[in-house]
Amino acid sequence: MNKKEAITDGKLVLEYQSGNIKALAVLVKRWHKSFCEKAFWILKDADLAKDIAQDSWKTIIDKIHKLENPESFGYWAFRIVYTKSMDALRAKQRQNNFLDVYKNEKEQFEEAEADNEQIKKEVLKAIKCLPQNQQIVLQLFYVQNYSLKEVSKILEASIGTTKSRLFHAREKLKKKIKYKDYEY
């Protein structure tokens, strides 16, 4: 920006500060495209750059009456555009970071769910290979949450027999299910 343009801008700012609304229209016409280009250079997003330029004009209009050196309008206004562009860029990066974290967590959850389904299939397959009396003890104790005392009453067996069946069922399941792939 050369000195002649700065003087012209200074005169327009003074006119607007004095109440001439048309002076603002001339400033907008002179600077809006440059604001859009500056914002685009930072953001690499044409639509967002236009929004930033528009938002910058709102701030400029709100604060132009406080501008003490009207000839510095260009630098002052560009600083507003730059600041708003950087704020938008940081917000965009925070959003992208959040989306990346969400995507990673979702993928990990889906992998864990797939692993859990595989584990369930293997456990069910192993349980079906157990003797019937051990399958029933496992069902009552783990699935239906009965106590050992309640299981023994339901099966009309002693607590010792119930404990023994549960113990042997667990041991057989441990042998049938491969531990190398899972942590229990």
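Taken one residue at a time, the phi angles of segment 115-120 give Karplus couplings (6.51, -1.76, 1.60, θ = phi - 60°) of 4, 4, 5, 5, 4, 4 Hz. Gly and Pro are set to x. Label-to-label distance, LYS4 versus ARG94, with points set 7 angstrom from Cα along the beta-carbon direction: 4.5 nm. For Cα Rg over 2.2 N^0.38 Å, the candidate list reads [x] 1.23; [y] 0.93; [z] 2.30; the entry that matches the value derived from this model is [z].
Which is the longest run of the chain containing none of the trypsin sites (Lys or Arg not before Pro) found in DSSP loop states (not H, G, I, E, B) with at most 15 other C-beta atoms within 10 Å? It would help to have the intermediate numbers written out before the result.
Numbers: sites that count: LYS44, LYS178, LYS180.
In the chain, the maximal stretch lacking such sites is 45-177.
By how many degrees, 0 to 90 and rounded to 10, does the Cα axis of helix 3-17 deviate from the longest principal axis of the chain? Orientation of helix 3-17: about 80 degrees from the principal axis.
Applied to segment 127-143, the Karplus parametrisation 6.51 cos²θ - 1.76 cosθ + 1.60 on θ = phi - 60° returns per-residue 3J(HN,Hα) values of 4, 5, 7, 6, x, 4, 5, 6, 4, 5, 4, 4, 4, 5, 6, 8, 8 Hz, with x for Gly and Pro.
Reducing segment 125-156 and segment 4-31 to their Cα centroids gives an inter-centroid distance of 87 Å.
Note that segment 56-184 presents 74 Å² accessible area per residue, ligands and nucleic acids not counted, probe 1.4 Å.
Between GLN135, GLN54, GLN95, the residue with the greatest mean-square fluctuation in the GNM of the chain (Cα pairs under 10 Å linked by springs) is GLN135.
Counting only protein heavy atoms and using a 1.4 Å probe, what share of the accessible area of the chain belongs to carbon plus sulfur, as a whole percent?
That share works out to 53 percent.
Principal-axis analysis of the Cα atoms of the chain puts helix 21-43 at an angle of about 40° to the longest axis. Considering only DSSP states other than H, G, I, E and B, which GluC sites (Glu not before Pro) in segment 51-152 qualify as loop sites with at most 12 other Cβ atoms within 10 Å? Here the GluC sites (Glu not before Pro) that fit, given the DSSP loop and packing criteria, are GLU68.
Within the full protein context, the accessible area of HIS168 is estimated at about 90 Å² for a probe radius of 1.4 Å.
The values are calculated or read from the model by the stated rules, or taken from the named source; none is laboratory data. None of these values were measured; they are calculated from a predicted model. Neighbour counts are summed over all protein chains in view; Cβ atoms, including those assigned to glycine, are modelled from backbone coordinates with ideal geometry. Just so you know, the surface numbers come from the protein's heavy atoms only, side chains and all, with ligands and any DNA or RNA stripped out. Shrake-Rupley method; radii C 1.70, N 1.55, O 1.52, S 1.80 Å.
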